[in-house]
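What follows is a short report on a single structure.
Read-outs throughout are calculated quantities, based only on the coordinates presented, and are distinct from any laboratory measurement. Please read all numbers here as calculations on a predicted model, not as lab measurements. Here the Cβ is made from the backbone with ideal geometry for all residues, glycine too, and neighbour counts use every protein chain on show.
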Amino acid sequence: MTGSAEASEGSAICRSGSTTGWHCGTLQVKNSTVNYPQGTVYGLTRTNVCAEPGDSGGSWLTGTEAQGVTSGGSGNCSFGGTTYYQPVNPILSTYGLTLVTG
C-alpha cells in the first residue's frame with residue numbers, strides 16, 4: 001500500500017477475506033445506509049464483489065490504495081452478491097490513526 005486515496009464510483013476494487021480469499025469487482029455507490037439485524041450503519045460503500053460469512057473485517061484496495069474494511073452484505077461467491085465496506089479514511093480520522101505503509 002502507498003496510501004488511502006479514496007476511489008471513485010465505477011472504479012475496479014478488490015477485497016481479501018479469511019473465508020474466500022481475494023475477489024474483485026466494481027465500487028458501485030458511496031455513502032450507503034445498511035439496515036443490519038443488529039442496527040443501522042451509515043456511510044458504507046456498496047460493491048458487487050462477493051463475500052461470505054467470515055470475510056468481515058477484511059481489507060479493500062484499488063491498485064496500491066487502501067479503501068476500507070468489510071462490513072457485510074448478501075449473496076455468496078458461488079452466485080455473486082453485494083458487499084459493503086466501511087471506508088478507511090473516516091476510520092483513521094475518527095480515531096486519530098495513521099495508515100502505516102511499507
Per DSSP, the loop-located chymotrypsin sites (Phe, Trp or Tyr not before Pro) within segment 3-102 having at most 15 other beta carbons within 10 Å are Phe79, Tyr95
What does segment 12-94 give for Rg and for Dmax, in Å, if only its C-alpha atoms count?
11.6, 36
I need the phi-derived Karplus couplings for segment 85-92: 6.51 cos²θ - 1.76 cosθ + 1.60, θ = phi - 60°, integer Hz, Gly and Pro marked x.
10, 7, x, 6, 4, x, 5, 4
Placing each pseudo-label 7 Å from Cα in the direction of the beta carbon, Glu9 and Ile91 end up separated by a distance in nanometres of 2.3
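Suppose every K and R has +1 on its Cβ and every D and E has -1 on its Cβ; what is the size of the dipole of the chain about the Cα centre, in Debye to the nearest 20? Don't skip to the end; give the middle numbers.
Working: 3 positive and 5 negative charges, 16 e Å.
In total the dipole reaches around 80 debye.
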Taking amide hydrogens as modeled 1.01 Å from N in the peptide plane, which residues meet the under 5 Å criterion relative to Ala66, leaving out close sequence neighbours?
Thr2, Gly3, Ser4, Ala5
Going residue by residue through segment 77-83, the Karplus relation 6.51 cos²θ - 1.76 cosθ + 1.60 with θ = phi - 60° gives ³J(HN,Hα) values, rounded to whole Hz and with x marking Gly or Pro, of 7, 8, 10, x, x, 10, 10
Computed label-point distance, nm, for sites Trp22 and Thr64 using a 7 Å Cα→Cβ extension:
1.6
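Enumerate by residue number the GluC sites (Glu not before Pro) in the chain meeting two conditions: DSSP loop (anything except H, G, I, E, B), and at most 15 other Cβ atoms within 10 Å of the site's Cβ. It would help to have the intermediate numbers written out before the result.
On the way: sites: Glu6, Glu9, Glu65; in loops: Glu6, Glu9.
Hits after loop and neighbour filter: Glu9.
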Highest-fluctuation residue, Ala66, Ala51, Ala12 considered, GNM on the chain with Cα pairs under 10 Å
Ala12
Hey, rough spin-label estimate for Tyr36 and Phe79, points 7 angstrom out along Cα→Cβ, what's it come to in nanometres?
2.2
